[in-house]
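A.B. asks: Please see the structure below; I have some questions.
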Amino acid sequence: MEQPDYLPKDYDGIQLVGNMDELFAATFGPANVVLYPRSLTAAFNARAQAADFKALSLLLLDGLSEKDMSHEDLSEAASRLEGGSKKAAQQILDDMKAFESNDLKPALRIFIGKALVNLADYGGKIFQEGAHLFHGDGVPTRFLCCYTAPATEGLCNEDAERYIDSENYAQELAASYTAERGRNPYHPLPGLQGYPEKTEDFKRWLERNNDYYFPKPRARIFSFKIGDVFRFAGEKNYAGVPPFIHRGPPSNDDSSPRLVLVGDLKP
Ligand SMILES: [Fe+2]
């Protein structure tokens, strides 16, 4: 299969498949991402598609009562919709069904840009912040599809550096620790090697942020397309591959929430 032009060249971290069945059947190694590049334009014309999903995202945001929307929640909401947003909801419901029949638990998540609403109004029910940073997910594997822009971004593993190991960003980490905790990250006297010695609390803080990564200088960062369905290895995968490092970029357009379908293995 020909590699789509939005993926990095000569990178073996992404395996391509041609349909949903192959996506569910694929295994990791050496790739830590399996991608079914899919365009939704069979059911929508490209312009209408973007507008339909945007309209749907705003309608769902308006009535949001749950952190994750299940198939049941969405079909309930869809029964009150019409026209383009109903068609958009139907597309997501179909994808959720496909996830369900492959033993995944589908959940539709709604991410918003910073300025759209006061988060407190939603009782913290909307995902924010952490997902904007490059990270690995604390799961064995996860399936994703984005329906509104911007889609998930990936970072090639060779070009990523764990926060906790980072020499290049040691100062930034120390500064964000100080800002968050109001404490000095280092002991006042240098350690045995003459380097500043981290306090136990700073070490624990770094450990807690261990799933976050920095892109190295000139890192290859790529973006999936709307409609693509992909699965990736998390931090706890059993395939022995490194986790796929990714982020949900903050939306440029605060009037359009990001709609993301997540599929996790059933517990
Ligand atoms: Fe994630």
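A.B. asks: Considering only Gln91, Gln193, Gln171, give the residue with the highest GNM mean-square fluctuation for the chain, with springs between Cα atoms whenever their separation is below 10 Å.
C.D. replies: Evaluated over the chain, the most mobile residue of the options is Gln193.
A.B. asks: Can I ask one more? Can you work out the Karplus-derived ³J(HN,Hα) for every residue in segment 4-16? Use 6.51 cos²θ - 1.76 cosθ + 1.60 with θ = phi - 60°, whole Hz, and x for glycine or proline.
C.D. replies: Listing the rounded values in order: x, 6, 8, 9, x, 6, 6, 10, 9, x, 10, 9, 9 Hz.
A.B. asks: What is the projected area of the convex hull of the Cα atoms of the chain, averaged over all directions, in nm²? Write down the numbers at each step before the final one.
C.D. replies: Values: hull surface 65.6 nm².
So the mean shadow area of the Cα hull is 16.4 nm².
A.B. asks: A 19 angstrom limit on the alpha carbon distance is what I want to check against. Which of Lys86/Lys225; Lys236/Lys266; Lys54/Lys87; Lys9/Lys225; Lys54/Lys86 exceed it? Can you show the working numbers first?
C.D. replies: Values: Lys86/Lys225 22 Å; Lys236/Lys266 15 Å; Lys54/Lys87 12 Å; Lys9/Lys225 16 Å; Lys54/Lys86 12 Å.
Result: Lys86/Lys225 exceed 19 Å.
A.B. asks: In degrees, nearest 10, range 0 to 90: what is the angle between the Cα axis of helix 83-100 and the longest Cα principal axis of the chain?
C.D. replies: Once rounded, one gets 60 degrees.
A.B. asks: Give a residue-ordered list of calculated ³J(HN,Hα) values for segment 47-52 (Karplus: 6.51 cos²θ - 1.76 cosθ + 1.60, θ = phi - 60°; whole Hz; x for Gly, Pro).
C.D. replies: 5, 5, 4, 4, 5, 5
A.B. asks: Here is a follow-up. Can you list residues whose amide H is under 5 Å from Arg142's amide H, if they're 5+ apart or on another chain and H is modeled 1.01 Å from N?
C.D. replies: Phe232, Gly234
A short reminder: the numbers here are calculations on the coordinates, not readings from a lab. All values derive from a computational prediction rather than experimental measurement.
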